[in-house]
Amino acid sequence: MKLNGDLAMTEIGREHAQRLRDHWAERIAKEGLDKGSANKDIGHLSDLFRSWCEYHALDLPNPFAKLRFKGKKTRTVGVPFSEAFRRSG
């Protein structure tokens with residue numbers, strides 16, 4: 001809501017989705033966030049918009065379509081559990 005305000009689903013346009021993508025691009029660059037997190041957020045919104053349109057039998061273009069980030073994921077590798085921890089279970 002901070003980026004685009006409180007919009008009705010029928011008011012959400014490509015410019016709003018692009019504003020969200022730009023916001024994520026800035027966070028990825030400044031905060032070192034993972035592209036996968038941004039893609040997950042955009043993907044969830046795309047699915048939500050598509051499902052809402054299907055439910056209401058509306059043929060609206062999905063403003064979130066094809067806005068995912070491309071390239072190698074920047075996911076960090078977690079530390080494995082210690083041998084002692086695995087045996088204690």
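The values are calculated or read from the model by the stated rules, or taken from the named source; none is laboratory data. These numbers were taken from a predicted model, which means no experiment stands behind them. Positions of Cβ are generated from backbone atoms using ideal geometry, with glycine treated the same way; all protein chains shown enter the neighbour counts. Quick note on the areas: whole protein, heavy atoms, side chains included, nothing else; ligands and nucleic acids left out. Shrake-Rupley method; radii C 1.70, N 1.55, O 1.52, S 1.80 Å.
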Take the conditions of a type outside the set (A, V, I, L, M, F, W, C), open to solvent by 70 Å² or more (accessible area, probe 1.4 Å) and either at positive phi or part of a loop (DSSP other than H, G, I, E, B) (or both) and apply them to residue 59. Does it pass? yes
Determine which single condition residue 9 fails, assuming it passes every other condition in (1) open to solvent by less than 40 Å² (accessible area, probe 1.4 Å); (2) under 11 Å from residue 62 (Cα atoms); (3) touching a residue at least 40 places away in the same chain (Cβ under 8 Å). (1)
